[in-house]
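Trainee: Structure incoming, see below.
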Amino acid sequence: MYELKNVTKTYNASKRKVTALDGVTLSIPDGQMVAIQGPTGGGKSTLLQMLGALDRPTSGEVQLGASMLSKLGDHKLAEIRAKEIGFVFQGFNLIPTLTALENVETALAPLSVSAADRRRRAHEALESVGLAERESHLPAELSGGQQQRVAIARALVKSPDVLLADEPTGALDEGTRDEIMELLESFWRDQGLTLIIVTHDSAVARRAERRLHIKGGKVTEVGASPSAASRAASAPAAA
C-alpha cells in the first residue's frame, strides 16, 4: 500500500521556484488499478517518480508497505526498484543491440539470479505476453506493439508488487493500444498487482478502477467508470 502524506516537491528553475507537487496526501491500496491524468507540467511525472522510488520529496512522506521511501538512502531505493517495482514507458526503453530475450533478462541482472534461471524466467515472461517465438529478434525487427510487450515482460519478469506505466500506449495506434491495455489488465487481475498508469488518453483512464487528476501539483479524485468497477469486482483480492 502506498501512503503519501503532505508531499511537496519543488525545483529551482531560471531563478524561480517551481512547485511540481503541492501538499499531496494520497493512499493507494494494494491491488488497485489507478489512472492518473492531467495537463502537461501538472505534476504527473513527478508523482510517478515519487511512487517509483526515483526521487524524494522536498517535504512530506512517501511510504510503500513498510518502507518509508522518502527517508531511505540511494542503495536501498535501488534495491526496492529492482525487486518490488516494475516500469513500463511510452518509448519502450529497450536496448537496441540486445534481443528481446536479453532485454527482458536485464531486469534480473541486479538480483541474485543465475544465468540459467535468468534465461528461463525471461523466456517464460515473453511467452506470457505472446512473444516466445520472437525472443531472438532485435527491437528494430519488432513492431511498436511487440516492443511494448517486450517492455511489459521485462517489467514483470522479476514478479514485482507494483507496476508503474508512464503513457504505455502513447506511441501506439488505437487497436494496439487496446491490446496492450487488455494485456496489462490481465496481469493486474491474475497477479494482484498494484497498477498505476499515467495517461493523456481518456479511453485508457476510463478502464481504471480509480481515476486521479493532477493539476498545479494538486491531486483530486475523479472516480471510475461502471465497466472499470465491474472489472475491479472480478479481480482477486490482494493478499
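Trainee: How many residues, within region 54-66, are out of contact with any Asp or Glu (no Cβ under 8 Å at 6 or more places or on another chain), touching a residue at least 12 places away in the same chain (Cβ under 8 Å) and assigned to a loop (DSSP other than H, G, I, E, B)?
Mentor: Of the residues in region 54-66, 5 are out of contact with any Asp or Glu (no Cβ under 8 Å at 6 or more places or on another chain), touching a residue at least 12 places away in the same chain (Cβ under 8 Å) and assigned to a loop (DSSP other than H, G, I, E, B).
Trainee: Right, next: So how many residues does region 11-36 have that are of a type in the set (S, T, N, Q) and modelled with pLDDT under 95?
Mentor: Residues that pass the stated criteria total 3.
Trainee: Within region 12-27, does at least one residue satisfy the condition of being outside any strand (DSSP E or B), surrounded by fewer than 22 Cβ atoms within 10 Å (Cβ to Cβ) and in contact with an Asp or Glu (Cβ under 8 Å, 6 or more places away or on another chain)?
Mentor: Checked against the condition, which is being outside any strand (DSSP E or B), surrounded by fewer than 22 Cβ atoms within 10 Å (Cβ to Cβ) and in contact with an Asp or Glu (Cβ under 8 Å, 6 or more places away or on another chain), region 12-27 yields no hits at all.
Trainee: Do any residues in region 200-222 that are free of Cβ contacts under 8 Å to residues at least 60 places away in the same chain have Cβ atoms under 8 Å from those of residues that are in a loop (DSSP other than H, G, I, E, B) and surrounded by 23 or more Cβ atoms within 10 Å (Cβ to Cβ), where the two are at least six apart or on different chains, and which pairs are they?
Mentor: Listed by first residue and then by second, the contacts come to Asp201/Thr169.
Trainee: Identify the residue in region 176-226 that is assigned to a helix (DSSP H, G or I) and aliphatic (A, V, I, L, M) and, among all such residues, is nearest to Gln147 (Cα to Cα).
Mentor: The residue in question is Ile180.
Trainee: Would you tally the residues in region 180-204 being touching a helix residue (DSSP H, G or I) at 6+ places or on another chain (Cβ under 8 Å) and either closer than 16 Å to Gln90 by Cα or surrounded by fewer than 21 Cβ atoms within 10 Å (Cβ to Cβ) (or both)?
Mentor: 16
Trainee: Could you check region 2-36 and list, in sequence order, the residues that are more than 22 Å from the chain's Cα centre (by Cα) and of a type in the set (Lys, Arg)?
Mentor: Result: Lys15, Arg16, Lys17.
Trainee: Could I ask something else about it? Is it true that Thr97 is more than 30 Å from Lys5 (Cα to Cα), among the β-branched types (Val, Ile, Thr) and over 20 Å from the mean Cα position of the chain (by Cα)? Spell out the reasoning first.
Mentor: On the way: more than 30 Å from Lys5 (Cα to Cα): yes; among the β-branched types (Val, Ile, Thr): yes; over 20 Å from the mean Cα position of the chain (by Cα): yes.
Taking the combined requirement at face value, the residue satisfies it.
Trainee: Follow-up. Tell me whether region 41-53 contains one or more residues that are more than 14 Å from Val162 (Cα to Cα), in a loop (DSSP other than H, G, I, E, B) and in contact (Cβ under 8 Å) with a residue 24 or more places away in the chain.
Mentor: Yes: one or more hits.
Trainee: Kindly indicate whether any position in region 70-78 is at pLDDT below 95 and of a type in the set (S, T, N, Q).
Mentor: yes
Trainee: Any residue at all in region 66-78 that's buried (at least 20 other Cβ atoms within 10 Å of the Cβ), of a type outside the set (Val, Ile, Thr) and farther than 25 Å from Asp30 by Cα?
Mentor: The answer is no; no qualifying residue exists.
The values are calculated or read from the model by the stated rules, or taken from the named source; none is laboratory data. Note that the structure is predicted; figures quoted are calculated from it, not measured. Every residue, glycine among them, receives a Cβ derived from its backbone with ideal geometry; neighbour counts consider all protein chains shown.
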